[in-house]
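The values are calculated or read from the model by the stated rules, or taken from the named source; none is laboratory data. Values in this document were obtained by computation on a predicted structure and should not be read as measured data. Reconstructed Cβ throughout: ideal geometry from the backbone, glycine too, with neighbour counts over all protein chains shown.
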Amino acid sequence: MQQRALGPFNVSAIGFGCMSLSHGYGPGPDEEDSIRLLNQALDAGHTLFDTAALYGFGHNEMLLGKAVMHRRDEFVLASKCGMFRDAAGKREINGRPEVLRKICEDSLRRLGTDVIDLYYLHRWDKQVPIEESVGALGDLVRAGKIRALGLSEVSADTLRKAHAEYPISAVQSEYSLWTREPEIAVLQACQTIGATFVAFSPLARGFLTGCLTAPQQLADTDIRRNMPRFSEDNYPANLALLHEYGRIAKAAQCSMGQLALAWLLARDENVIPIPGTSNRDHLIENSRSAEIALSQDIMERLDELINRHTVRGERYNAASLLEIDTESF
Ligand SMILES: NC(=O)c1ccc[n+]([C@@H]2O[C@H](COP(=O)([O-])OP(=O)(O)OC[C@H]3O[C@@H](n4cnc5c(N)ncnc54)[C@H](OP(=O)(O)O)[C@@H]3O)[C@@H](O)[C@H]2O)c1
């Protein structure tokens with residue numbers, strides 16, 4: 001697969017998001033299937049694995065530890081801290097230095113490794129100055145526990161403040177045809193400071209593959225059930241966009257999912273998408289998106305078809321929107 005720079009590392013242009021194997025979209029596959037899939041991801045050329053302390057409340061990191069740590073030199077390992085399950089079992093955002101140090105020790109133990117290549121602050125804890133959280137993560141680099149720092153879902157202003165405290169190698173935020181917020185300021189800020197932009201949910205959480213036609217059939221625990229774009233009020237209007245989108249995929253001679261990933265790669269050379277899947281065929285299909293070149297005409301048609309004016313509904317519900325720090329249109 002073609003390579004792209006990710007901070008100080010070189011990785012496959014398409015990374016592998018591990019979240020759905022333990023978290024978010026209903027019960028993931030069983031452990032044996034997950035272990036097989038993670039090894040198939042490596043075999044298919046993915047050399048960036050993305051996990052977090054939050055995913056499965058530790059399960060996802062443990063799974064990676066079991067599945068691929070014997071192949072540690074074949075990939076760049078990215079995880080995240082600062083959002084986790086508290087003692088009462090509730091999700092908590094906490095960026096205090098002592099908490100980040102403790103989560104990092106827990107991540108290392110669960111992953112079964114001495115060092116995490118890229119460690120993100122999963123959310124900026126607005127009760128704690130960003131410099132304090134980033135300063136603590138910088139100390140972890142100096143202590144040899146992590147190699148590089150990233151931030152997730154931050155505004156350009158927060159990114160600049162953080163970068164002044166300690167160099168930021170990557171920003172990970174939601175970015176796809178239907179989520180364009182990074183285009184306001186963060187992509188440019190990443191260019192300016194020399195950080196790579198990692199696009200999460202690059203398939204619009206499944207929407208852009210055309211396979212998710214009935215969100216009312218999603219598992220009760222599926223987080224998309226609480227996302228306005230997937231609601232009964234909004235999803236039919238969003239689905240209607242896929243008729244023309246499917247025609248454009250045909251013209252580009254690729255699947256709808258591949259079109260979404262190829263669009264991100266073509267949009268900006270500083271972007272690395274990290275699609276997630278629990279399915280081997282989808283994994284192979286996604287990995288081949290890096291070979292697809294899109295014409296200027298197709299890029300323009302996509303830009304016009306799916307954008308902030310044509311998509312209905314917010315990407316998160318009101319409570320989750322309060323937790324993030326990105327610019328809004
Ligand atoms: N930093 C953050 O706050 C944050 C938030 C969310 C996610 N992330 C990261 O981003 C990664 C990816 O995001 P995501 O999983 O939310 O969204 P995504 O990659 O946009 O979409 C995943 C969904 O698409 C389906 N899918 C994947 N490939 C497909 C294909 N070729 N054909 C048909 N369906 C396909 C998957 O189902 P199947 O399993 O059936 O393929 C799954 O339902 C996560 O694993 C995580 O590492 C980070």
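Observations, loosely collected:
- Of all the listed residues (34, 12), the sole one being modelled with pLDDT of 95 or more, crowded, with 23+ Cβ neighbours inside 10 Å and of a type in the set (Ser, Thr, Tyr) is 12.
- Flag for residue 319 being among the aliphatic types (A, V, I, L, M), without any contact (Cβ under 8 Å) to a residue 60 or more places away in the chain and part of a loop (DSSP other than H, G, I, E, B): no
- For residue 237: the one exception among (1) without any contact (Cβ under 8 Å) to a residue 24 or more places away in the chain; (2) among the aliphatic types (A, V, I, L, M); (3) away from the ligand (no atom under 12 Å from the Cβ): (1)
- Whichever residue in segment 129-153 is outside any helix (DSSP H, G or I) and not small (Gly, Ala, Ser) and, among such residues, is farthest from residue 180 (Cα to Cα): 145
- Residue 211 hydrophobic (A, V, I, L, M, F, W, C) and out of contact with any Phe, Trp or Tyr (no Cβ under 8 Å at 6 or more places or on another chain): yes
- With respect to the stated conditions, residue 9 fails to be in contact (Cβ under 8 Å) with a residue 24 or more places away in the chain, within 10 Å of the ligand (Cβ to nearest atom) and under 14 Å from residue 198 (Cα atoms).
- Considering residues of segment 279-291 that are surrounded by 19 or more Cβ atoms within 10 Å (Cβ to Cβ) and more than 16 Å from residue 204 (Cβ to Cβ) only, the residue nearest to the ligand (Cβ to nearest atom): 283
- Residue selected from segment 257-278 under the condition within 12 Å of the ligand (Cβ to nearest atom) and β-branched (Val, Ile, Thr), by the criterion surrounded by the most Cβ atoms within 10 Å (Cβ to Cβ): 272
- Complete set of residues in segment 12-40 that are under 21 Å from residue 289 (Cβ atoms), more than 9 Å from the ligand (Cβ to nearest atom) and assigned to a helix (DSSP H, G or I): 37, 38, 39, 40
- Number of the condition not met by residue 232 [criteria: (1) part of a helix (DSSP H, G or I); (2) touching a helix residue (DSSP H, G or I) at 6+ places or on another chain (Cβ under 8 Å)]: (1)
- Subset tally (residues that are within 30 Å of residue 242 (Cβ to Cβ) and either touching a residue at least 60 places away in the same chain (Cβ under 8 Å) or within 14 Å of the ligand (Cβ to nearest atom) (or both)) for segment 147-204: 28
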